[in-house]
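First up is the structure itself, then whatever we jot down about it.
The values are calculated or read from the model by the stated rules, or taken from the named source; none is laboratory data. This one's a predicted model, so the numbers in the text were calculated from it and none came from an experiment. Virtual Cβ from ideal backbone geometry, glycine too; neighbours counted across all protein chains shown.
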Amino acid sequence: MQIFGVDIGGSGIKGAPVDLDRGDLAQERFKVLTPHPATPDGVADGVKQVVEHFGTRPDRVGITFPGVVTGGATIRTAANVDKSWIDVDARALLGERLDGFPVTVLNDADAAGVAEMHFGAGRGRKGVVLLLTFGTGIGSALFIDGQLVPNTELGHLELHGHDAEKHASTKAKEDHDLTWEHWAHRVQKYLAHVEMLISPELFIIGGGVSRKADKFLPLIKGIKAEIVPAQLQNNAGIVGAAMAAAQQK
């Protein structure tokens, strides 16, 4: 069975066939820019372009979305894409655009978290584990003894009067031209706020910035929980999406 994972982000839509035995991409991923405005039709066209790039018909496609997804279909929030996504049946829309392929849709951070817990930095870990993806926003995936608590959206906790992701995301670092030290200080404040609320035993830091963990993780001080970079890095969402598609009945 050939299963694809596609990861919809605020800046790009990327995907690939996935080898679920290894928990890795079966081919080099392909990426297109997320359209602006990121409307349902525009994003669906981008997803179709990514899948068709590989020239083979997948048996199933798992697709992540940067917002709350209920019932594996309905979009409830759309912080970093167009608000017209809200209340859209994404499974129906994307399935139709992909010529009827079986489609599974889930929150992007949840997908990344599932992959990291099974194949990566969270493998075998019990207790409370929180994966945070830093990118256009901040995504979160919360696990208790390996079980996902879906759609937590902890990037929208209030910090200094604003959504935390406006203060501590990778986009905030780029928009304000912050040094690694200055940005790490912001991330530290965010982690301390989250730690006060849910007391995780492990933070897994994901998203594209996880490739440069050595530049900022050593600068984060005063957090009681262990902090580690995601092992699957920015491919975690693609792998987790494919895992969800494979498990869909």
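Could you tell me how many of the residues in the range 85-104 are under 19 Å from the mean Cα position of the chain (by Cα), closer than 13 Å to Val61 by Cα and free of Cβ contacts under 8 Å to residues at least 40 places away in the same chain? Within the range 85-104, residues that are under 19 Å from the mean Cα position of the chain (by Cα), closer than 13 Å to Val61 by Cα and free of Cβ contacts under 8 Å to residues at least 40 places away in the same chain number 1.
Listed by position, the helices (runs of 4 or more DSSP H) inside the range 150-202 whose residues that are closer than 20 Å to Gly113 by Cβ, among the hydroxyl-bearing types (Ser, Thr, Tyr) and without any contact (Cβ under 8 Å) to a residue 60 or more places away in the chain number at least 2 form an empty set. Go through (1) surrounded by 18 or more Cβ atoms within 10 Å (Cβ to Cβ); (2) modelled with pLDDT of 95 or more one by one and return the number of the condition Asp41 breaks. For Asp41, the exception is condition (1).
When the residues of the range 71-90 are filtered to those that are small (Gly, Ala, Ser) and within 17 Å of Ala244 (Cβ to Cβ), the one that is modelled with the highest pLDDT is Ala90. Hey, any hits in the range 126-136 for a residue that's free of Cβ contacts under 8 Å to residues at least 40 places away in the same chain and in contact with a strand residue (DSSP E or B) (Cβ under 8 Å, 6 or more places away or on another chain)? No, there is no match, as no residue in the range 126-136 is free of Cβ contacts under 8 Å to residues at least 40 places away in the same chain and in contact with a strand residue (DSSP E or B) (Cβ under 8 Å, 6 or more places away or on another chain).
Only residues that are in a strand (DSSP E or B), of a type outside the set (Gly, Ala, Ser) and either on the phi > 0 side of the Ramachandran plot or touching an Asp or Glu at 6+ places or on another chain (Cβ under 8 Å) (or both) were counted across the range 127-149, and they come to 6.
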